[in-house]
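Below you'll find the structure, written out as structure tokens, and then a few comments.
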Amino acid sequence: MSRQRLLVANWKMNKTVAQARSFAEELGRQTSALPTGVELAVCPPFTALQTLRVILPSRVKLGAQNVHDEPNGAFTGEISAEMLAELGTEYVIVGHSERRQGFGEADDWVARKVRAVLAHGMKPIVCVGEDLEQRNNQATLSVVQSQTSAALAGLEETQLANCAVAYEPIWAIGSGQTPSPQDAQTVITAIRETVATLSGKAAQGMPILYGGSVKPDNIAGFVAQPDIDGALVGGASLKVDSFVALAKAMGE
Ligand code: PGA
């Protein structure tokens, strides 16, 4: 089964509305350079969603970086899945390590967020990954397997068909360091095997991405691996030329 190839830009807390607008306008001028056959998504801060919805080229989907699991209510500062869906958001990053570590998102909360995203017709991109100490203790596979099953267990096959996973080793994020493509492949195979314990069909079809210091000059090595279907990219997604170069390298 051929799987959707997916390149997702995670802008984190970068870009004002004006900066997001100029990125989208410049990307619009370069759309002919974007490869077909690769799904592209940009996840800006919430404040730029509406602007990007209007001016991002239709080739490029809109994503969000976080969501609250409750439908509404007294959750000061939070954003619901319904609010994101109303803005045309198609993807939502869930359980990024910066949220797990900095904002107390435990596995059970991540699982509830996944369900809220799916309930509003959007696609969660569930982030999993080990820290350096866990890696040094050979705990990588057990960490990613338990994070994956905590997020996805209990979902129907039709729901799993709308999920993606991103393997992001915490020590590789923003550090310039990466695992080798072969190491990332080994971990992503283990993630796919975990999904297969829930549904073999979903495991075959689910896009599983690599993230962590992906750049235009290293992305090809990752996506050449049989189980790596794309990338979740922070720093290297902020400039249009770099984003286009990432997309082109994936399309080749
Ligand atoms: P990075 O971030 O590409 O800047 O390492 C990736 C991420 O955190 O999603």
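Every read-out reported here was derived from the displayed coordinates using simple, explicitly stated rules and does not represent laboratory data. Note that the structure is predicted; figures quoted are calculated from it, not measured. We place every Cβ from the backbone using ideal geometry, glycine too, and count neighbours over all the protein chains shown.
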Practice task
Name the single residue, out of those in the stretch 152-169 being closer than 14 Å to M206 by Cα and under 14 Å from the mean Cα position of the chain (by Cα), that is nearest to the ligand (Cβ to nearest atom).
Solution key: A166
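Residue check: is S22 under 26 Å from R3 (Cβ atoms) and either loosely packed, with under 14 Cβ neighbours inside 10 Å or without any contact (Cβ under 8 Å) to a residue 12 or more places away in the chain (or both)?
Values: under 26 Å from R3 (Cβ atoms): no; either loosely packed, with under 14 Cβ neighbours inside 10 Å or without any contact (Cβ under 8 Å) to a residue 12 or more places away in the chain (or both): yes.
Taking the combined requirement at face value, the residue does not satisfy it.
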Fill in the blank from the handout: Filtering the stretch 197-219 for residues that are in a helix (DSSP H, G or I) and either within 15 Å of the ligand (Cβ to nearest atom) or in contact with an Asp or Glu (Cβ under 8 Å, 6 or more places away or on another chain) (or both) leaves a count of 4
Exercise for the section: Filter the stretch 93-124 down to residues that are without any contact (Cβ under 8 Å) to a residue 24 or more places away in the chain and away from the ligand (no atom under 16 Å from the Cβ) and give me whichever is nearest to P207 (Cα to Cα). Expected result: A106
Practice task
Tell me, yes or no, whether the stretch 52-74 has at least one residue that is under 26 Å from A172 (Cβ atoms), in a helix (DSSP H, G or I) and of a type outside the set (F, W, Y).
Solution key: no
Problem - Residues (in a helix (DSSP H, G or I), over 11 Å from L152 (Cα atoms) and in contact with a helix residue (DSSP H, G or I) (Cβ under 9 Å, 6 or more places away or on another chain)) located in the stretch 99-108 - result: R99, R100, Q101
Handout entry: Given (1) within 12 Å of the ligand (Cβ to nearest atom); (2) buried (at least 16 other Cβ atoms within 10 Å of the Cβ), number of the condition Q177 does not satisfy
Key = (2)
Exercise for the section: Out of the residues in the stretch 220-249 that are in a helix (DSSP H, G or I) and touching a Phe, Trp or Tyr at 6+ places or on another chain (Cβ under 9 Å), state the one that is surrounded by the fewest Cβ atoms within 10 Å (Cβ to Cβ). Expected result: V240
